[in-house]
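Some notes on the structure that comes next.
Here, each number is a calculation from the coordinates, and none is a lab measurement. Everything numeric here is computed off the predicted structure, so don't read it as measured data. Quick reminder, even Gly has a Cβ in these numbers, built from the backbone with ideal geometry, and neighbours come from all protein chains shown.
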């Protein structure tokens, strides 16, 4: 005698498989949303390093970056903030709106750093700018004297001091 339909075992396996796939997709989606802060932090760090490298290669000209809390953006500039540099990829002014990264904003107010021909910070003398998204933040620190740019995670995962 032939019966059409599914056995209880087949139904349980299908429901279990769908549950596992749903949980996996949910976890992946949540990690994706958290990555906005990571991408914004890495981009800001790279742009600060770019300004530093321009200052070292184009002798006699200072380059810098200013973070504006009120407009939630930063500007990479030559000489002063009213002269943004051109982005080498897009040929547009290097004014980066953090509104392009949902939920990410400049937490520090008015951080500005400029670099001399040796790559050392002159204006700002080093310091830290903080980008936030919810209760997470990325701290981008420019070390005095050397101009090295460090990206830190806060709160520190597992209690460690994670620097990149």
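Between helix 8-57 and the chain, what is the angle of the helix's C-alpha long axis to the longest principal axis, kept within 0 to 90° and rounded to the nearest 10? For helix 8-57, the angle is close to 10 degrees. With the helix formula -39500 (n - 2.57) applied to DSSP H stretches of n ≥ 4, the chain reaches a computed 222 nm mean residue ellipticity of -11500 deg cm²/dmol.
Dividing the Cα radius of gyration of the chain by its Kirkwood radius returns 1.27 for Rg/Rh.
Considering only 85, 27, 66, the mean-square fluctuation computed in a Gaussian network model of the chain, springs between alpha carbons under 10 angstrom, is largest for 27. Ordered by the number of other Cβ atoms lying within 10 Å of each residue's own Cβ, fewest first, 54, 11 fall into the sequence 11, 54. Using 0.36 nm per residue and subtracting the Cα-Cα separation, the extra length available between residue 145 and residue 82 on full extension is 20.1 nm.
Applying 1/(1 + (r/R0)^6) with R0 = 22 Å to the Cβ-Cβ distance of residue 92 and residue 59, what FRET efficiency is obtained, to the nearest 0.05? According to the calculation, E is roughly 0.25.
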